[in-house]
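All remarks here apply to the structure that follows.
The values are calculated or read from the model by the stated rules, or taken from the named source; none is laboratory data. Being a predicted model, the structure only gives us computed values, none of them experimental. Reconstructed Cβ throughout: ideal geometry from the backbone, glycine too, with neighbour counts over all protein chains shown.
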Amino acid sequence: MPQFTLSTLDKAKAEGRRFAMLTAYDASFAQVAAVSGIETLLIGDSLGMVVQGRGSTLPVTMDDMIYHTACVARGVETCEQRPLLVADLPFAAANTPVDAAVNAARLMQAGANVVKIEGGGWLAETVRHLTDRGIPVCAHLGLTPQTADMLGGFRLQGRDEAAARRIREDAAVLAEAGARLLLLECVPDSLGAAVTQAARVPVVGIGAGPATDAQVLVMHDMLGVTSGRKARFVKDYLAGRGSVAEAFRAFADEVRSGAYPAPEHCYGN
């Protein structure tokens, strides 16, 4: 069992203590993150871009996700403080509740503690189906990379009141259906704060402002090795530091203290 559990995160939210999440895709970096005090690791389908060199997350398969989830799980299994492991269901792996349950079970068998699904309130039936079968769910709202083309690309979501209301409503519906975590990506600060305040479950933000219960970054982004244009919320934590472990610890410390995200990493109100 992980040292950090869903109950641990629930307690952190109740007590107003922020926690950190990083992506991880292999045993070595996962172990460094664990010993650096990162509470939660996300085996993200972002591996399609940062590991496989693809242009999007869409080509990532279930076999890819199972392989990388197992690698991360092996990397942290002997750590004194084991992070909670969250693994993505890739594109089209949750087309029906039954598909989602079968594929989520494969991720859990590979070592995941929670499965993450992208989508809105229409996923409530799927979330309920998984929850009823003992599979914890993290629901991903806002900018959902698997459907970025339908959202007009990688751009800020929830900018007008109607769009913000839909995201708030979706968050409430998915939490009511049983989601144990919410991940909110690329929305205005005010929307991140509103969702976090209303939600009874922890909310993890990425480009969602400073008020969320936790912050997540893609490991390659926060180590400054990702090429091309960087999102506003990205901060290079390796710059000026002597090791990856120091970068991980600095990120975790700044999340917990509230120093990250700073105003320059946010999308305002």
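Looking only at residues in the stretch 120-152 that are surrounded by fewer than 17 Cβ atoms within 10 Å (Cβ to Cβ), assigned to a loop (DSSP other than H, G, I, E, B) and at pLDDT 95 or above, which one is farthest from the chain's Cα centre (by Cα)?
133
Confirm whether residue 105 is farther than 17 Å from residue 182 by Cβ, at pLDDT 95 or above, in a loop (DSSP other than H, G, I, E, B) and out of contact with any Leu (no Cβ under 7 Å at 6 or more places or on another chain).
no
For every residue, the table says whether it meets (1) touching a Phe, Trp or Tyr at 6+ places or on another chain (Cβ under 6 Å); (2) on the phi < 0 side of the Ramachandran plot; (3) in contact (Cβ under 8 Å) with a residue 40 or more places away in the chain; (4) charged (D, E, K, R).
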site: 105; (1), (2), (3), (4): no, yes, no, no
site: 122; (1), (2), (3), (4): no, yes, no, no
site: 134; (1), (2), (3), (4): no, no, no, no
site: 156; (1), (2), (3), (4): yes, yes, yes, no
site: 174; (1), (2), (3), (4): no, yes, yes, no
site: 177; (1), (2), (3), (4): no, yes, yes, no
site: 186; (1), (2), (3), (4): no, no, yes, no
site: 192; (1), (2), (3), (4): no, yes, no, no
site: 199; (1), (2), (3), (4): no, yes, no, no
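Restricting to the stretch 46-58, count the residues that are part of a loop (DSSP other than H, G, I, E, B) and either over 21 Å from residue 202 (Cβ atoms) or at pLDDT below 95 (or both).
8
Of the numbered conditions (1) modelled with pLDDT under 95; (2) under 27 Å from residue 147 (Cβ atoms); (3) under 16 Å from the mean Cα position of the chain (by Cα), residue 4 satisfies every one except a single condition; which is it?
The single condition residue 4 does not satisfy is (2).
Among 69, 23, which is the only one that is touching a residue at least 40 places away in the same chain (Cβ under 8 Å), buried (at least 16 other Cβ atoms within 10 Å of the Cβ) and within 27 Å of residue 258 (Cα to Cα)?
Answer to the check: 23.
Please go through (1) out of contact with any strand residue (DSSP E or B) (no Cβ under 9 Å at 6 or more places or on another chain); (2) in a strand (DSSP E or B) for residue 87 and return the number of the only condition it doesn't satisfy.
(1)
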